[in-house]
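Below is one structure, written out as structure tokens, with a few remarks after it.
Nothing in this text is a laboratory measurement; each read-out follows from the coordinates by a stated rule. Source: prediction; values computed, not measured. Every residue, glycine among them, receives a Cβ derived from its backbone with ideal geometry; neighbour counts consider all protein chains shown.
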Amino acid sequence: MDYTTFTTQQLALLLEKADHELKQSLLEGSDWKDISEKRYLYTELSIALHKRNNPEDFGYSPADHSIRHH
């Protein structure tokens with residue numbers, strides 16, 4: 001899914017909902033294999049939100065920025 005169209009607040013709300021659903025399934029004793037889609041969604045939302053909040057962590061090489069200031 002393309003999460004770039006969502007706002008940061010929307011991503012946070014979706015992640016909160018996915019987190020709640022995943023925890024609830026685990027607390028109810030669901031089999032790990034049966035909740036693979038919930039785990040995948042949680043992971044994807046976590047990554048998307050992290051990328052949104054920390055864009056400097058993604059797609060940049062140290063060579064892109066000069067360490068020395070002449």
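Seen from His50, the other residues with C-beta closer than 15 Å to its C-beta sum to a net charge of -3, counting Lys and Arg as +1 and Asp and Glu as -1. Working note: Cα atoms of region 7-53, range along each principal axis, descending, whole Å: 32, 14, 11.
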